[in-house]
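Scroll down for the structure; my scribbles are underneath it.
The values are calculated or read from the model by the stated rules, or taken from the named source; none is laboratory data. Only a predicted model underlies this, so the values are computations on that prediction, with no experimental measurement involved. So basically every Cβ, Gly included, is an ideal-geometry build from the backbone, and we count neighbours across all protein chains shown. Calculation scope for accessible area: heavy atoms of the full protein, side chains included, ligands and nucleic acids excluded. Shrake-Rupley method; radii C 1.70, N 1.55, O 1.52, S 1.80 Å.
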Amino acid sequence: MRLLVTGTQGQVARAMIERGAATGVAVETLGRPAYDLLEPSGIAQAIGAACADVVVNAAAYTAVDKAESEPDLAMRVNRDGAGAIAQAAAKRGLPVIQLSTDYVFDGTLERPYREDDPVAPINVYGGAKLAGERAVAAANPTHVVLRTAWVYSPFGANFVKTMLRLGETRAAVNVVADQWGSPTSALDIADAVLAIARRLRAAPRDPSLYGVFHLVGSGEATWADFAKAIFSEAERYGRKPVGVVPIATSDYPTLARRPANSRLDTAKLQKIYGIRLPDWRASLAPCVARLLGR
Ligand SMILES: NC(=O)c1ccc[n+]([C@@H]2O[C@H](COP(=O)([O-])OP(=O)(O)OC[C@H]3O[C@@H](n4cnc5c(N)ncnc54)[C@H](OP(=O)(O)O)[C@@H]3O)[C@@H](O)[C@H]2O)c1
């Protein structure tokens with residue numbers, strides 16, 4: 001099986017490269033500067049010329065706060081770029097897997113969000129990603145939209161790496177304790193994407209395989225819970241204990257609003273694909289081990 005993945009340095013793209021190599025799947029990445037979602041014709045040409053089985057759009061404008069002042073750029077990348085990739089895949093008769101986000105929801109529901117719950121983004125990034133979901137669906141009937149959340153990995157910039165960096169110099173860190181979600185390992189996402197791609201290749205005409213699915217780590221946490229678990233794991237590698245002071249979202253103002261409830265119900269993915277990601281704590285341990293292990 002051969003996958004074409006956008007983004008070379010992104011967390012999910014790097015995880016796809018690593019897990020593809022480990023499982024004998026050829027993963028070719030299309031990244032900047034040669035391939036830019038702002039100029040999607042180059043990527044479309046590459047999709048047209050490649051001999052891939054599935055196209056995965058893992059590249060995106062992901063600067064959530066900066067997006068508030070760059071809405072046009074966020075739309076061009078996350079809506080127009082995503083749509084162009086899905087269309088290029090459709091022209092070749094290939095399915096597309098599009099990564100999306102919990103930020104399509106406003107977070108006011110008091111249970112984990114299901115795929116068909118009403119969307120209502122509360123920030124520019126979420127609006128652009130939702131527009132991307134719609135552009136992908138319009139361009140390519142064989143699409144799988146995977147909404148994920150709170151992604152971390154040994155690669156790139158993420159909450160785990162930020163906490164480990166802060167913990168080097170601080171005895172305690174203030175962390176938001178009134179937003180709920182499910183920390184999700186990019187390596188687990190990559191394994192799920194590979195399993196989904198295999199199914200799409202094996203049964204391309206099965207309509208139940210297409211549509212929107214939620215894909216997050218099992219279990220739930222607040223950012224403060226997540227931070228506590230990170231510092232606790234870090235102690236195994238000789239790091240000194242770091243306190244976590246729970247604070248409210250209102251005590252940590254950001255340019256973009258975040259949903260209070262980012263929990264996603266993953267029952268549909270489990271039912272259709274038989275995929276359930278490991279508990280987030282189980283996947284956090286090897287990530288911290290890679291970052292701090294000697
Ligand atoms: N991170 C999260 O917590 C989170 C949560 C929910 C959903 N998601 C979604 O999951 C997917 C993967 O996220 P991630 O964490 O892997 O993101 P990431 O680490 O921020 O990587 C984003 C990738 O997109 C690329 N990119 C950005 N603008 C581009 C452009 N104009 N042209 C081509 N490539 C461009 C970046 O390229 P450079 O390397 O050149 O900068 C980078 O490789 C995205 O769709 C994201 O929206 C992420």
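Could you say whether any residue in region 104-111 is farther than 17 Å from A197 by Cα, in contact (Cβ under 8 Å) with a residue 60 or more places away in the chain, touching a Lys or Arg at 6+ places or on another chain (Cβ under 8 Å) and open to solvent by 30 Å² or more (accessible area, probe 1.4 Å)?
yes
So is L200 open to solvent by less than 40 Å² (accessible area, probe 1.4 Å), in contact with a His (Cβ under 8 Å, 6 or more places away or on another chain) and part of a helix (DSSP H, G or I) or not?
No, not satisfied.
Which numbered condition in (1) touching a Gly at 6+ places or on another chain (Cβ under 9 Å); (2) touching a residue at least 40 places away in the same chain (Cβ under 8 Å) is the only one that P95 fails?
Checking P95 against (1) touching a Gly at 6+ places or on another chain (Cβ under 9 Å); (2) touching a residue at least 40 places away in the same chain (Cβ under 8 Å), the one that fails is (1).
Can you go through A84, A13 and tell me which one is closer than 19 Å to E133 by Cα, within 13 Å of the ligand (Cβ to nearest atom) and touching a Pro at 6+ places or on another chain (Cβ under 8 Å)?
From the options A84, A13, the qualifying one is A84.
Report, by residue number, each residue of region 90-121 that is in a loop (DSSP other than H, G, I, E, B) and more than 18 Å from the chain's Cα centre (by Cα).
Answer for region 90-121, where residues must be in a loop (DSSP other than H, G, I, E, B) and more than 18 Å from the chain's Cα centre (by Cα): R92, G93, L94, P95, T108, L109, E110, R111, D116, D117, P118, A120.
Name every residue in region 39-89 that is among the β-branched types (V, I, T) and part of a loop (DSSP other than H, G, I, E, B), in order of residue number.
T62, V64, listed by residue number.
Within 29 Å of F105 (Cβ to Cβ) and open to solvent by 50 Å² or more (accessible area, probe 1.4 Å): which single residue out of P241, P278, P286, P259 fits that description?
The conditions single out P278.
Considering only region 33-42, state which residues are surrounded by 14 or more Cβ atoms within 10 Å (Cβ to Cβ) and near the ligand (Cβ under 8 Å from one of its atoms).
Within region 33-42, Y35, D36, L37 meet the criteria.
Which one is nearest to the ligand (Cβ to nearest atom) among residues in region 122-148 that are open to solvent by less than 20 Å² (accessible area, probe 1.4 Å) and not in a helix (DSSP H, G or I)?
Only one residue tops the list, namely T148.
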